[in-house]
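Take a look at the structure below.
Computed from the coordinates by the stated procedures, all read-outs in this text should not be read as laboratory data. Please read these numbers as outputs of a predicted model, since none were measured by experiment. Backbone-built Cβ (ideal geometry, glycine too); neighbour counts: all protein chains shown.
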Amino acid sequence: MLIPQSSPRIALKAPFLSIWLSLSVITDCVVHPYVYPREAVPNDTLRIIALGTGVPSIFKSQAATSYLLQLGSNERNILFDVGTGSIANLYATRVSLSTIDKVFISHAHSDHITDLAPLYALANGRPGPLQVWGPSGASEATGIAAIVEGLRQFLAWDQEARNKVMGREKGQPQNAIIAHQFDHNVTNQVIYEQDGIRITSTPVFHYATPGPVALRLDWNNISITFSGDTIPLQSFLDLGSGSDVVLHETVGPRNSFHLQDPTTRNILLNHTSQSEVGAIFQKLQPRLAIATHLSINEYSIVPILSGIRSTYPTGPLAIAQDFAVWDVSPSAVSQRKFVPVTTSAGYEFANPCPAQHDLEVDDDGDWPRAAVACCAAAMTGA
Ligand SMILES: [Zn+2]
């Protein structure tokens, strides 16, 4: 059992027993259910794209934790975590890696940081260095500064060779990575404030290992608070107070089979259950509640929803799945699904079809017939 007697887990009791099983309840109607690559973000809107919503064991259907936050129309892109597999999903959105230079890390578990490697290695044309904000650890070796230095060493040969291919000089800002380490143990600490964007951290509790934090972003009178990985805590309720969007982890569903295994029991007891996350949503009453860090399939979805709805019976709720997209403006919230481009972009180098042909998606959302026809014609010389 890893939780010490001093575990700060707060007790959250169920106020209701009713169970709702709707997949999601969002506050506003949506005209079109899909988002296609390169759709502009409205000026006043925070767009949240789920690049990874699952657990450390990744699957084709779910990468590990990562959320792309797009702030208005000027390609102001911020990543909250960059877990295993998430950069493949980023490629599939056609958001260029070179437009991302700010990553905020909740904690250094592999399912939250591993894809820093491709994000750092593969962005050609990023105008400045990749900047990574993250918490200190119990020792110098476990803080984000040492971790980023380790990544730089891990990719030293890659960068030396890639510099030759790209015609870059070593030390140019485009191929640099910089760590901004902050003290993990400071409550409600502003760790970034620039251009109307403020990001605040507060410590959370995860496997009794110093370092994990929750993060809150405020911009344009819109806010999102992200739990990272944690048990239920008063510090998160304080950070998330008044937040438009509450994005909170939950692991499970729990059942007697899981709890018989000591390792699985430790995992479950160092995260947040569905009834607990529902109670957090119920206390904070956000405009949009998102449950994340779940393995979603046809068997798990019903007990997951039942558990959350046992304590959060009626509020706006989404169960995060990869490629979910939420647009949050001061006056509206919508949920849609991204139509990812899941095949290689290589054909774009090899044929004369217009670059935007992957936007020409059929009415039913299938792979674009117009693009296929165009490429076929190009290859046959027609
Ligand atoms: Zn995790």
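Here are some notes:
- For Y192, the amide hydrogen comes within under 5 Å of the amide hydrogens of I199, counting only partners 5 or more places away or on other chains and with H modelled in the peptide plane.
- The stretch between A208 and N297 holds 29.0 nm of extra length on full extension. This uses 0.36 nm per residue minus the Cα-Cα distance.
- Two-site label geometry, R168 and S331: point separation in nm, points 7 Å out along Cα→Cβ: 4.3 nm
- Efficiency of FRET from Cβ geometry, T343 and T263, R₀ 41 Å, rounded to 0.05: 0.60
- Label positions at E75 and A117, each projected 7 Å from the Cα along the C-beta direction, are separated by 2.8 nm.
- Anisotropy class of region 69-224 from Cα gyration tensor, a/c 1.5 cut: oblate
- Charge context of V55, other residues only, Cβ under 11 angstrom, K/R +1, D/E -1: -3
- Region 34-342 - Rg (one decimal) and Dmax (whole number), Cα, Å: 18.6, 58
- 3J(HN,Hα) couplings calculated from phi for region 117-129 with the Karplus curve 6.51 cos²θ - 1.76 cosθ + 1.60 (θ = phi - 60°) are, in sequence order, 4, x, 4, 6, 6, 9, 7, 9, x, 5, x, x, x Hz; Gly and Pro show x.
- Considering only S96, Q282, I267, and ranking their Cα positions along the charge dipole of region 34-342 that arises from unit charges at the beta-carbon of Lys, Arg, Asp and Glu, the one farthest toward the positive end is S96.
- Net +/- balance of residues flanking N188 in space, Cβ distance below 14 Å, scoring K and R +1, D and E -1: -2
- Here the residues D81, D327, D195, ranked from fewest to most Cβ neighbours within 10 Å of their Cβ, fall in the order D195, D327, D81.
- Rg to Rh, two decimals, where region 164-287 supplies the alpha carbon set and Rh follows Kirkwood: 1.11
- Label separation (V190 vs T314): 3.8 nm, computed from points 7 Å beyond Cα along the C-beta direction.
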